[in-house]
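The structure under discussion appears below in the form of structure tokens.
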Amino acid sequence: MTPLADIRIIAVEQYGAGPFGTVHLADLGAEVIKIEDPRAGGDVGRYVPPYAKDEDSLFFETFNRNKRSLSLDLTTDAGREVFEKLVAVADVVFSNLRGDVPEKMRIRYDDLKHINPRIVCVSLTGFGMTGPRRAEPGYDYILQGLAGWMELTGEPDGPPTKSGLSLVDYSGGFVAAISLLAGVHAARRDGVGMDCDVSLYDTAISMLTYPATWHLNAGFQPTRTHHSAHPSLVPFQVFQAKDGWMVVGCAKEKFWGRLADVVGHPEWAAAGSPYGTFGTRRDNRDELLAELEQIFRQRTVEEWLTQLYAAAIPCGPINDVPAALAEEHTAARDLLVTTEHPRFGTVAQLASPVRVGAEPPAYRRAPQRNEDFATVTGDILGLDPQTLAELTAAGAFGTPRSPGPAAAGSEDTAR
């Protein structure tokens, strides 16, 4: 049995952050039933370019493998009836919507506890369900700016810079998954569910970590650093070699001693040297880094890394994405997996980094929209044909529409 085979999650989710959180749970065996709004053509992630056609996209495949899909119009009484039937047999209602929307949609614990007292309601929103920004849509790019990340990223004389990846979204997904698992554990122990009010804003602010502690307690003002240098450890940054770039870092004094030998200046690590300790290297960082930069430019990246690896000094190349995927260690860690798709054929993608036990997860492609209608309505809910026909006629599962991105008027479900 897979680690989470006994957990059923009803996911009112869209785009990246929420689906990223639940895909790791699905990989671990949780049954994730993805609720897709038929009025909007389902999850907007189905239409994200450039590799998209009709309702298929490689973006959607990335975040939704191993899940089920049900088209359900929660704005209708019939759709709400089906949703509540699902709540009765589920462990979790998970959503990633705008902070004021869970209340409007009646998907909080107080709205659902009469159906299932043990239900855990996880809401991953942009700004949380309380506070002055609760009704604002929250997107990764906006959060990276608002939480101070962009002001810390890039060269000192350059513009504020966003991370190349949607790290607030992905970190928020992980935080939501942790909250979900903790909530299910407590609900099974105590017999009572709860709300888990998780937000991208909280995630982004909390990840300021020790620079925030330094500021709050000592007035430290974080600033951008030259060549992505660590704010306190010297040297720990990007260096330019003869033919490219590399990272070299001395997070411990023993590494500095080894590096001083490799670059031909063992005296730099000696007692009494202006570069001999963490503190003195930081005080004299401009002089030291200027010397190191001149030295590193004299050889190629490969030549330096060969020496640095041999001396057990933390270092690495600056790979592009193709090079990172081609790394021998990527394959050795079984990080590349494949699924079979009716449009795309064999789809290669990345495995979840979450590891539980020795048994590898099984991977199944993302579902077509409403692909699991029969499974959910029949096997899970046990609806008889007459009831199913009545619910369908009442609009529970929506009406056919042309494929396309989310329709105007569905903004109330945006983060």
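The values are calculated or read from the model by the stated rules, or taken from the named source; none is laboratory data. As the structure is a prediction and not an experimental result, all values here were calculated from the model. Using ideal geometry, Cβ is built from the backbone for each residue, glycine included, and neighbour counts are taken over all protein chains shown.
Annotations for the structure displayed:
- Considering the stretch 98-128, and only residues there that are at pLDDT below 95 and under 21 Å from the mean Cα position of the chain (by Cα), the residue that is nearest to THR75 (Cα to Cα) turns out to be ARG98.
- Output for the stretch 162-183, where each listed residue is under 21 Å from TYR141 (Cα atoms), surrounded by fewer than 24 Cβ atoms within 10 Å (Cβ to Cβ) and under 14 Å from the mean Cα position of the chain (by Cα): SER163, GLY164, LEU165, SER166, LEU167, TYR170, SER171, PHE174, VAL175
- Selection over the stretch 269-299 of residues that are in a loop (DSSP other than H, G, I, E, B) and touching a residue at least 24 places away in the same chain (Cβ under 8 Å) gives a count of 4.
- For the stretch 292-306, a residue qualifies if it is surrounded by 15 or more Cβ atoms within 10 Å (Cβ to Cβ) and more than 14 Å from VAL238 (Cα to Cα), and exactly one does: ARG299.
- Meets criteria (in the same structural domain as ALA176 (by TED's automatic domain parsing), closer than 17 Å to LEU208 by Cα and among the β-branched types (Val, Ile, Thr)) for THR153: yes
- Summed over the stretch 125-147, the residues that are within 16 Å of GLY172 (Cα to Cα) and in contact (Cβ under 8 Å) with a residue 40 or more places away in the chain give a count of 13.
- Filtered residues of the stretch 311-352 (kept if assigned to a strand (DSSP E or B), farther than 25 Å from GLY164 by Cβ and out of contact with any Phe, Trp or Tyr (no Cβ under 8 Å at 6 or more places or on another chain)): GLU340, HIS341, GLY345, THR346
- Screening SER123 against (1) assigned to a helix (DSSP H, G or I); (2) farther than 22 Å from GLY378 by Cα leaves a single unmet condition, (1).
- GLY148 being part of a loop (DSSP other than H, G, I, E, B), over 17 Å from TYR15 (Cα atoms) and within 20 Å of the chain's Cα centre (by Cα): yes
- Selection from the stretch 216-229 of residues that are within 27 Å of the chain's Cα centre (by Cα) and within 20 Å of ALA147 (Cβ to Cβ): PRO222, THR223, ARG224, THR225, SER228
- Candidates VAL337, VAL321, filtered to the one that is touching a residue at least 12 places away in the same chain (Cβ under 8 Å) and under 21 Å from the mean Cα position of the chain (by Cα): VAL337
- Within the stretch 178-218, the set of residues being in a helix (DSSP H, G or I) and small (Gly, Ala, Ser) comprises SER179, ALA182, GLY183, ALA186, ALA187, ALA204, SER206, ALA212, ALA218.
- Taken as a whole, the structure places VAL122 among residues that are touching a Gly at 6+ places or on another chain (Cβ under 9 Å), in contact (Cβ under 8 Å) with a residue 24 or more places away in the chain and either aliphatic (A, V, I, L, M) or surrounded by fewer than 22 Cβ atoms within 10 Å (Cβ to Cβ) (or both).
- Residue under evaluation ARG281, criteria (1) loosely packed, with under 15 Cβ neighbours inside 10 Å; (2) of a type in the set (Lys, Arg); (3) in contact with a helix residue (DSSP H, G or I) (Cβ under 7 Å, 6 or more places away or on another chain), criterion not met: (1)
- Every condition in (1) free of Cβ contacts under 8 Å to residues at least 12 places away in the same chain; (2) surrounded by 15 or more Cβ atoms within 10 Å (Cβ to Cβ); (3) out of contact with any Ser or Thr (no Cβ under 8 Å at 6 or more places or on another chain) holds for PRO266 except the one numbered (2).
- Within the stretch 80-103, residues that are more than 21 Å from ALA396 (Cβ to Cβ) reach partners that are in a helix (DSSP H, G or I) and acidic (Asp, Glu) with beta carbons closer than 8 Å, at six or more positions or on different chains, in the pairs ARG98/ASP412.
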